[in-house]
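Report on the structure given below.
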Amino acid sequence: MSKSIKQLSVFLENKVGRLGDVTGILSKAGIPIRSIELVEAGDFGILRLIVTETERAKELLEAGSFSVKVSPVIAVEIAHEAGCFHRIVSLLAAEGINIQYAYTCHGGPLGIFILKTDRVEMLRAVEVLETDGVKVLDAI
Amino acid sequence: MIWNQAESASREEIESTQLKRLQETARRVYAVNPFYKEKFEELGITPEDIRSLEDLQRLPFTRKQDLRNHYPFGLFCVPMSEVVRIHSSSGTTGKPTVVGYNAHDMEVWNEVMARVYTMSGVGPQDVVHNAYGYGLFTGGLGFHYGAEKVGATVVPASGGFTDRQLMLMRDFGATVLACTPSFALHLAEVASKAGSEFRKDYKLKVGIFGAEPTSEGLKKEVAKAWGIDYHEVYGLSEIIGPGVSCSCRQSDRLHIFEDHFLAEIIDPETGEPLPEGERGELVITTLTKQALPIIRYRTGDITSIVKEPCGCGRTHARMESIVGRADDMLIVNGVNVYPSQVEHVIANAEGVTLNYQIIADKKGHLDKLEIMVEVSEEIMTDNLGELERIRKEIQASLLNNLYINADVKLVEPESIERSMGKAVRVVDKRR
């Protein structure tokens, strides 16, 4: 999968302290978290993480009895100004590419927009964005 | 075709053979094995008290724990010089259960397995692909020698190596597949990757399946996947291995080889016998085994037995396919629920075996069931909607297949309580 970054998804029960267990494991191992998003559906949720050492983080979390899934997501650079999200979203929409979910990450003067499309459309999505001059990152 | 005319004897003949053999067995264990002698004495009986088949109820039960307590050979009733074969359980829940056979027992085993094959329409013209595991487990060798006895060609494939197994099945022209139903389904799934017409490369006509509890749905799926007749075999190593009973072409029920095994159905709570046709725990007494005869063995399996003669010409009593285990049955709002059934519904719904726990509780006057299912790596996804879909699908399958209204909850791996390494399947908070 060219031009994609790895995201960790961790299954969490909706219980006090579980999020802290995940961040504790990463913090103890000295793995910085670049971006974090928590989505919940009643009794359970998924914690999505972008970290610097994906494989090591996955091993450590699994050793701590968490179910972890690694999936490719697209990360693009965005400026801190009005209209930059809209530009990316409309480029993809015009091509009929659906965004399953998205969140952001701050990286200095510029921001980073992380998005997930259907797996089969990822290559095309990257192509569409790059053709229009959007900077797609292969690491953050 | 019927292998042995004993399978179609009259009820009177069956019962008189059973009584004679029961008396012999009782005398034998009492005379040579201190464990049985002590148990008989505790109950104040001797073998001479067995005057009719009803007197069977006066005899003591034997449990798996008794075999473990006398590990490895304590319940054997012949000198070791006479023993020609040992099999053993894996012992995952404690000491292994060890069983032994002398030359006569091997003949009995081959005889009952020959009946199984004949009942399934297998004979000298057939090629039997035997994918039961060879080794300490009784499945592999039990199916092996029975096939030789009916003159079929046996391919001792044992387990694993799916692609190679499929190649052997095609190249050797297997007409009979003997394995667990789940492995048969796995073989079909892999074979079907060659295209929807894959069956034309195989000559399979019959499958003889057993060694795991199987839902009706799974049986139909296996029969359809391979386009074959499904025969089910039941057995357990403590009694002989595979070959205690088998289903014929006329009935889904399994004929118990009553001239070798005396079967009873009891209430697992009270130990009292239940009327014909009612479901309860299957208890078996061996009638012809010599190295390890067993008196009233509590199988822990739940089934029912009917004695009316069958359309196939056999008169041997028929048991239902095992519906569950006595030690973990739950009654929820009047419906009997066995964890094994829940396990199968979950496996059938998601295609993978997931760890689960059933929690029964009261909500007002009604029982309520909660089923915790661990989210394993196989079903983990980054998509919340997908997880919710899995949860709802399991809930709907439980309702459709078992008629139970359960609340399914997805939980983290390893969060279900373990006991000795195995997950605790049932928590009954109503007690």
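The values are calculated or read from the model by the stated rules, or taken from the named source; none is laboratory data. These numbers were taken from a predicted model, which means no experiment stands behind them. Cβ coordinates were reconstructed from backbone atoms using ideal geometry, including for glycine residues, and neighbour counts include every protein chain displayed.
Considering only residues in the stretch B:353-362 that are more than 14 Å from B:ARG391 (Cα to Cα) and not polar (S, T, N, Q), the one that is farthest from the chain's Cα centre (by Cα) turns out to be B:LYS362. Return a yes/no flag: does the stretch B:112-130 have any residue that is aromatic (Phe, Trp, Tyr) and within 15 Å of B:GLU238 (Cβ to Cβ). For the stretch B:112-130, residues aromatic (Phe, Trp, Tyr) and within 15 Å of B:GLU238 (Cβ to Cβ): absent. For the stretch A:30-89, the tally of residues that are in contact with a strand residue (DSSP E or B) (Cβ under 6 Å, 6 or more places away or on another chain) and within 14 Å of another protein chain (Cβ to nearest Cβ) stands at 25. In the stretch B:397-408 there is no residue that is within 11 Å of another protein chain (Cβ to nearest Cβ) and polar (S, T, N, Q). Does B:GLY74 count as surrounded by 15 or more Cβ atoms within 10 Å (Cβ to Cβ), at pLDDT 95 or above and farther than 22 Å from B:LEU254 by Cβ? Spelling it out, it is not the case that B:GLY74 is surrounded by 15 or more Cβ atoms within 10 Å (Cβ to Cβ), at pLDDT 95 or above and farther than 22 Å from B:LEU254 by Cβ.
Only one of B:LYS224, B:LYS193, B:LYS219 is touching a strand residue (DSSP E or B) at 6+ places or on another chain (Cβ under 7 Å), more than 18 Å from B:VAL127 (Cα to Cα), charged (D, E, K, R) and assigned to a helix (DSSP H, G or I). Can you tell me which?
The conditions single out B:LYS219.
Candidates are the residues of the stretch A:1-22 that are under 30 Å from B:GLU370 (Cβ atoms) and either surrounded by fewer than 15 Cβ atoms within 10 Å (Cβ to Cβ) or charged (D, E, K, R) (or both); the one that is nearest to the other protein chains (Cβ to nearest Cβ) is A:GLU13. Against the test of being in contact with a helix residue (DSSP H, G or I) (Cβ under 8 Å, 6 or more places away or on another chain) and within 14 Å of chain A (Cβ to nearest Cβ), the options B:ILE394, B:ILE346 yield a single qualifying residue, B:ILE394.
Among the residues of the stretch B:15-46, those identified as assigned to a helix (DSSP H, G or I), β-branched (Val, Ile, Thr) and either touching a helix residue (DSSP H, G or I) at 6+ places or on another chain (Cβ under 8 Å) or surrounded by fewer than 18 Cβ atoms within 10 Å (Cβ to Cβ) (or both) are B:THR17, B:VAL29, B:VAL32.
Any idea which residue in the stretch B:349-388 is farthest from A:VAL39 (Cα to Cα), counting only those that are among the small types (Gly, Ala, Ser) and away from every other protein chain (no Cβ under 14 Å)? Lay out the reasoning, then the answer.
Keep residues of the stretch B:349-388 that are among the small types (Gly, Ala, Ser), which gives B:349, B:351, B:360, B:364, B:376, B:385.
Checking the rest, the ones that are also away from every other protein chain (no Cβ under 14 Å) come to B:349, B:351, B:360, B:364.
Details: B:ALA349: 25, B:GLY351: 26, B:ALA360: 30, B:GLY364: 34 Å.
So, considering only residues that are among the small types (Gly, Ala, Ser) and away from every other protein chain (no Cβ under 14 Å), the one farthest from A:VAL39 (Cα to Cα) is B:GLY364.
How many residues, within the stretch B:340-386, are part of a strand (DSSP E or B) and either among the aromatic types (Phe, Trp, Tyr) or surrounded by 16 or more Cβ atoms within 10 Å (Cβ to Cβ) (or both)?
So the answer is 12.
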